[in-house]
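Here is the structure we will look at.
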Amino acid sequence: NAGVTQTPKFRILKIGQSMTLQCTQDMNHNYMYWYRQDPGMGLKLIYYSVGAGITDKGEVPNGYNVSRSTTEDFPLRLELAAPSQTSVYFCASSYSNDVDTQYFGPGTRLTVL
Amino acid sequence: KNEVEQSPQNLTAQEGEFITINCSYSVGISALHWLQQHPGGGIVSLFMLSSGKKKHGRLIATINIQEKHSSLHITASHPRDSAVYICAVRRETSGSRLTFGEGTQLTVNP
């Protein structure tokens, strides 16, 4: 199993550009999450999904959109990039919400200039 | 005040020392996680616990639900233990979502 994979690993965007961060898991997990990690801060939840076709906002959803058309994929879309979105983005997944741990992808380092 | 507070923020130890990292939280929880973030950025889950104590190799995690406090202990520390250790809680009212502490940067010198 590859676990949770994310692409790209690094990206530099100009203000106003858009991009999609890809996340795929091959563990047949129902739950998937997108987090951002800013320097010196704890991880913040952006969006999460409890299954294909179901998504919900986390703590910091503004400026982002997600979709979950399949169990495996959970892309994160930035429509109009802003410097405040410079961060490291982690995707994670878990089988259930009761007793399962979350498995994290390697992260995407995004810089918006 | 953050719902999840970790102490210390930074910790430097000599190889072989016993290390304790603390986590206090202010909300009702259904589970608490300890995670390790490697210098390269990858995050792995170390423990998930809702009561008592868990042990894995040189790592021990304890939780006191009444006091809303958890500790992560590392015995016989080694330079390869150098990493950021993150405490996260699953609130009773938030389903699978986690609330994270800011992390403790541990450096173990040879």
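Which whole-number percent gives the relative contact order of chain B, counting Cα pairs below 8 Å spaced six or more residues apart?
37
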Task: 23 Å Cα-Cα reach of B:K53 towards lysines, excluding residues that sit fewer than 8 places from it in its own chain - done: B:K68
Task: Radius 14 Å from Cβ of B:I60, net charge of other residues (Lys, Arg +1; Asp, Glu -1) - done: +3
Task: Compactness of segment B:37-110 as Cα Rg over 2.2 N^0.38 Å, two decimals - done: 1.18
- [ ] Within 10 Å of each Cβ in peptide B:83-91, how many partner chain Cβ atoms are there on average? Round it to a whole number, please.
- [x] 1
- [ ] Express the relative contact order of chain A as a whole percentage, based on alpha carbon pairs under 8 Å and six or more residues apart in sequence.
- [x] 36
- [ ] Quick one, can you get me the convex hull of the C-alpha atoms of the protein assembly as shown expressed as volume per residue in Å³?
- [x] 122
Task: Separation of alpha-carbon centers, segment B:45-84 and segment A:6-45, rounded to whole Å - done: 27
- [ ] Take the alpha carbon gyration tensor of segment A:1-93, find the square roots of its eigenvalues, order them as a ≥ b ≥ c, and report rounded if a/c is under 1.5; if not, report prolate when a/b exceeds b/c, else oblate.
- [x] prolate
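Values in this text are rule-based calculations from the coordinates and carry no lab data. Just so you know, these numbers come straight off a predicted model, no measurement behind them. Positions of Cβ are generated from backbone atoms using ideal geometry, with glycine treated the same way; all protein chains shown enter the neighbour counts.
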